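The values are calculated or read from the model by the stated rules, or taken from the named source; none is laboratory data. Since the model is a prediction, treat every value here as computed from it, not as a measurement. Positions of Cβ are backbone-derived with ideal geometry, glycine not excepted, and every protein chain shown enters the neighbour counts. The accessibility values were calculated without ligands, DNA or RNA, using every heavy atom of the protein model including side chains. Shrake-Rupley method; radii C 1.70, N 1.55, O 1.52, S 1.80 Å.
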Amino acid sequence: MRYTVWSHPVETTYTTNIISKATVFYVLSTLLTVIPPLLIAYRSSGFWMKTASYAEQPDIHFKHTLIVILETEDGDNLIWSSREVDLQHEGDRVRVPLVQSREEDVNRDGILDSLQLKVSMPMASKEVVCGVKALVVFDYKLSRFSYLDMTGLIFISDYGHHGRSLEVAGDLRLVQKQPLSHRGIDQRFASSPLPSDAPVNLGKVLREYVDRNISVRLENLYKIWSRGSGTENFVLEVNINYPAETVLYTPGLWQTLKWGWIQYLGILVIFVYMFNSIKTFVFSNQVLPTICNPPGKK
C-alpha cells in the first residue's frame, strides 16, 4: 500500500518577444488584477480607518470637592460647599453637614469601582426642602492606550414636596464629542471646571462644561425623593458606579495601513485567482502566440 508524502506542480513557461500581443495582454491583465481591487475597497467605504475604539476601566477618584444647595419652600436657599470662596457672602444660609464618602475597589484590581456619598444637612424645624442641587467633582484618567487626564463634574438635581431625603444611583460615563489622539498626553481639561477665585455660578459653569469636547455625566440614573417634614437633617445619598468605558480614538499611520491592507487583500485574492485562470487558458491554448517550454526543457 502506497501513500503520498509530497507533491508539487509541474511548471510550464511561455516566452515571447518583449514587444508582442502576449506581452501587452500580460501587462494589462496584471494591472487589472492589482488596480480594481484597490478602487473597489476604497469606494466601498471603510478602507481608511478614521476612528477606532478600545475598552478600558478609567481611574476615577472623588476629589472631595462638593457643593450642595437646598431650596426651601419659602424661596430661600441653604448651601454648603467644600470651597470657602462659595460661602463668603452666604451668611446664615450656610449649613455645615456631616459628609461621609467611601470609594471601593470591588474586584481588587487596583482601580476603584464605585463611590458611596452621604451628606446630612442640618435644618431648622420650620424649614421645608422642596428641591436639591449638587455638584460633585472627580479626577478622571485613561492610560491604557490614549492618555487622558481631566477633571470632570456631575450635576444632581431633583424637586418634590416636603422632602426629607434624596437617593441617587447611576453610572459615571465618559462623553466624547471627538476621538482622543493615539499618542501624547491630553490635559486640556486637567484644571477644575469651577472658578478658583470666585463663587460658583451654576448656569455659567454648566454651560461651559457642556461645551467641552470631553466630559463625564451620570447615566443609567435613578432617583428616589422621600417626603417628610420636621426632620433635623436633609439626607442626600449618592451611589455612583465607575464602569469600563469604550473609548474612541484616532488610529495611527501603521494601524490605518494595516487595516487598509486587510480590506485590499480580501478583494485582491479573488482577482488574482480569476486572472490567473484567464492567463492559463490564453497561453495554454495559444490564443496569443508564444513559445511553450515544457517541464525539464532548458
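Ordering Phe25, Phe47, Phe281, Phe155 from largest to smallest accessible area (1.4 angstrom probe), what's the sequence?
Numbers: Phe25 50, Phe47 20, Phe281 130, Phe155 80 Å².
Ranking Phe25, Phe47, Phe281, Phe155 by accessible area, largest first, yields Phe281, Phe155, Phe25, Phe47.
With unit charges on the beta carbon (Lys/Arg positive, Asp/Glu negative), name the residue among Thr33, Gln263, Val205 whose Cα is farthest towards the positive pole of the charge dipole of the chain.
Going by the Cα projections, it comes out as Thr33.
For region 1-79 and region 227-298, compute the distance between their C-alpha centroids and round to whole Å.
First find each Cα centre; the distance between them is then 4 Å.
Just need the relative contact order of the chain here, percent rounded to a whole number, with Cα pairs under 8 Å and 6+ apart.
RCO, the chain: 28 percent.
How big is the C-alpha Rg of region 109-242 next to the rule-of-thumb value 2.2 N^0.38 Å, as a ratio?
1.22
Normalised by the residues of region 1-125, what does the relative contact order come to in percent, with Cα pairs under 8 Å and at least six apart?
It rounds to 14 percent for region 1-125.
Using 7 Å Cα-to-Cβ label points, what is the His161/Gln178 separation (nm, one decimal)?
4.9
Run the simple label-point estimate for Thr30 and Val99 please: 7 Å along Cα→C-beta, distance reported in nm.
About 7.4 nm separates the two model spin labels.
So what are the radius of gyration and Dmax for the Cα set of region 127-171, in Å?
For region 127-171, the Cα-based Rg and Dmax read 15.9, 51 Å.
Show which aspartates and glutamates lie in cross-link reach of Lys177 when reach means a straight Cα distance below 15 angstrom and same-chain residues fewer than eight apart are skipped.
Once the sequence-local aspartates and glutamates are set aside, what remains near Lys177 is Asp186, Glu208, Asp211, Glu245.
In debye to the nearest 20, how big a dipole does region 56-160 give about its Cα centre with +1 on each Lys and Arg Cβ and -1 on each Asp and Glu Cβ?
On the way: 11 positive and 19 negative charges, 29 e Å.
Charge dipole of region 56-160: 140 debye, to the nearest 20.
Which angle from 0 to 90°, rounded to the nearest 10, does the C-alpha axis of helix 253-284 make with the longest principal axis of the chain?
The answer is roughly 20 degrees.
Keeping all protein chains in position, work out how much accessible area Cys130 exposes to a 1.4 Å probe, and write it in Å² to the nearest 10.
40
Working from the alpha-carbon coordinates of the chain, get Rg over Rh, Rh being the Kirkwood radius.
Reported Rg/Rh, Kirkwood definition of Rh: 1.35.
Per residue, how many Å² of accessible area does region 117-250 show with a 1.4 Å probe?
Numbers: 6620 Å² over 134 residues.
The answer is 49 Å² per residue.
Rounded to the nearest 10 Å², what accessible area does Met49 show when all protein chains are kept and the probe is 1.4 Å?
Rounded to the nearest 10, the figure is 40 Å².
Rg and Dmax of region 189-298 over Cα atoms: what are they, in angstrom?
34.3, 109
For Lys126, which aspartates and glutamates qualify as cross-link partners when the Cα separation must be under 14 Å and same-chain residues fewer than eight apart are set aside?
Filter leaves Glu71, Glu73, Asp74, Asp76, Glu232.
Ignoring any ligand, DNA or RNA, what whole percent of the accessible area of region 1-152 comes from carbon and sulfur when the probe is 1.4 angstrom?
56
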